[in-house]
Amino acid sequence: MSGFLEGKTGLILGVANKRSVAWGCAKALKREGMELALTYAGERLEGPVRQLAEDLGVDLVLPCDVTKDEEMDELLGRVGEHFGKLDTLLHGVAFAKREELKGTYFDTSRDGYQLAHEVSAYSLPAISRRAIPLMEEGGGSIITLSYLGAERVIPKYNIMGVAKAALEASVRYLAHDLGPRGIRVNAISSGPIRTLSASGIEGFSAILDRIAERAPLRRNIQADEVGDVCAFLASDMSRGITGSTLYVDAGYHIMGI
Ligand code: NAD
Ligand code: IMJ
């Protein structure tokens, strides 16, 4: 059976394990026929990510810590050699020091502020810049993952909320830069999902319960649902959409109370 992404190639940053939102995206893109490359951040994740890639039938697995320019250079070099072009880039990377995700925002350290922005926001233009030459002939789709904490206060999300605001603003500036070259840039704002990045977050279960009670669809979201929207944004069906943040949150963001 042929999918709607047949003949397209994609690079995915942000798979850590099978609960990762980026893994939900990888499965959807692959299901629709896209040829994929996955990255892992740090040696500790190489084994697990290689295993997942093998399970999905993906043979290109490369290191990429977004704080390292040389790893990003090498990554896009290798992707270029392997695929010859790139159609889709999924950025599913975020990190803040754990101590910044508790207590008050005004206590954010200089160091913590910088690290969260470097990994979670600066990495989008940094990786996009390197991907552009591979996208220029056939156009492309750049997709990142955001959260409602970018625009509303979510207690304890703190510096990550500020970094996500920068990320969503980056989506708009990149869309403006890259539209004339046929490259679209969008974000998916996902509802809360129990992943590694959500583990150990105080009160996370209570947040999930509240969404299930209040969201128009009266339920939470699964990574596979984000994956399906990712496949749509990667496809020509979304050819008229750029610079946008699409919500995959069971409608929660429309609520005023
Ligand atoms: P996850 O922990 O599975 O994914 C986070 C990824 O970031 C991991 O793969 C990790 O290796 C990678 N990463 C961290 N530091 C890195 C670095 N220096 N270089 C390269 N990669 C690095 O958790 P997740 O929930 O799947 O998060 C993926 C994205 O989805 C994040 O941007 C997150 O903010 C966003 N998101 C998550 C939720 C949620 O509730 N889980 C909701 C909305 C948005
Ligand atoms: C994270 C913190 C506080 C509240 C939160 C979250 N809510 C949600 C998340 C309500 C949904 C998950 N999320 C959207 C993230 O972007 C998480 C980013 C993150 C998580 C961790 C935990 C472990 C760590 N550093 C992290 N850095 C970023 O050490």
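Looking at Ala53, Ala96, Ala41, Ala131 in this structure, which one is under 25 Å from Ile154 (Cβ atoms), out of contact with any Ser or Thr (no Cβ under 6 Å at 6 or more places or on another chain) and open to solvent by less than 20 Å² (accessible area, probe 1.4 Å)? Give the derivation first.
On the way: Ala53 fails: under 25 Å from Ile154 (Cβ atoms); Ala41 fails: open to solvent by less than 20 Å² (accessible area, probe 1.4 Å); Ala131 fails: under 25 Å from Ile154 (Cβ atoms).
Residue meeting the stated conditions: Ala96.
Return yes when Gly24 is touching a helix residue (DSSP H, G or I) at 6+ places or on another chain (Cβ under 6 Å), in a strand (DSSP E or B) and touching a residue at least 60 places away in the same chain (Cβ under 8 Å) and no when it is not. Let's see the steps before the verdict.
Values: touching a helix residue (DSSP H, G or I) at 6+ places or on another chain (Cβ under 6 Å): yes; in a strand (DSSP E or B): no; touching a residue at least 60 places away in the same chain (Cβ under 8 Å): yes.
Considered against the rule, which asks whether it is touching a helix residue (DSSP H, G or I) at 6+ places or on another chain (Cβ under 6 Å), in a strand (DSSP E or B) and touching a residue at least 60 places away in the same chain (Cβ under 8 Å), Gly24 comes out as no.
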**Request:** Could you list, in sequence order, all residues of the stretch 55-98 that are more than 16 Å from ligand 2 (Cβ to nearest atom) and acidic (Asp, Glu)?
**Result:** Asp55, Asp59, Asp69, Glu70, Glu71, Asp73, Glu74, Glu81, Asp87
**Asked** In the stretch 222-243, what count of residues is obtained for those that are of a type in the set (A, V, I, L, M, F, W, C) and open to solvent by less than 20 Å² (accessible area, probe 1.4 Å)?
**Response** 6
**Request:** Spot the failing condition for Ser146; the list is (1) open to solvent by 40 Å² or more (accessible area, probe 1.4 Å); (2) closer than 24 Å to Gly240 by Cα; (3) within 15 Å of ligand 1 (Cβ to nearest atom), and only one is missed.
**Result:** (1)
**Asked** What are the residue pairs meeting all of these: first residue in the stretch 122-143, first residue more than 20 Å from Leu5 (Cα to Cα), second residue open to solvent by 10 Å² or more (accessible area, probe 1.4 Å) and of a type in the set (S, T, N, Q), Cβ atoms under 7 Å, and 6 or more apart or on different chains?
**Response** Leu124/Ser170; Pro125/Ser170
**Item:** Scan of the stretch 210-257 for residues that are assigned to a loop (DSSP other than H, G, I, E, B), among the aliphatic types (A, V, I, L, M) and in contact (Cβ under 8 Å) with a residue 24 or more places away in the chain, ordered by number
**Value:** Ala215, Leu217, Ile221, Ile241, Ala250, Met255
**Request:** All but one of (1) surrounded by fewer than 22 Cβ atoms within 10 Å (Cβ to Cβ); (2) in a helix (DSSP H, G or I) hold for Leu62, so report the exception by its number.
**Result:** (2)
**Prompt:** So Leu29 clears everything in (1) touching a helix residue (DSSP H, G or I) at 6+ places or on another chain (Cβ under 6 Å); (2) of a type in the set (A, V, I, L, M, F, W, C); (3) open to solvent by less than 30 Å² (accessible area, probe 1.4 Å); (4) within 9 Å of ligand 1 (Cβ to nearest atom) except one condition, right? Which one?
**Reply:** (4)
**Fill in**
Quick count over the stretch 122-169, residues being away from ligand 2 (no atom under 11 Å from the Cβ), under 13 Å from the mean Cα position of the chain (by Cα) and more than 18 Å from Thr67 (Cα to Cα), is 4
**Pick from the stretch 61-79, criterion in contact (Cβ under 8 Å) with a residue 40 or more places away in the chain and of a type in the set (A, V, I, L, M), ranking: nearest to Thr9 (Cα to Cα)** = Val79
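The values are calculated or read from the model by the stated rules, or taken from the named source; none is laboratory data. Bear in mind that the values here come from a model prediction, so they are computed numbers and not experimental data. A quick note on method: Cβ atoms are made from the backbone with ideal geometry, for glycine too, and the neighbour counts reach across all protein chains shown. With ligands, DNA and RNA removed, areas are computed over all heavy atoms of the protein, side chains included. Shrake-Rupley method; radii C 1.70, N 1.55, O 1.52, S 1.80 Å.
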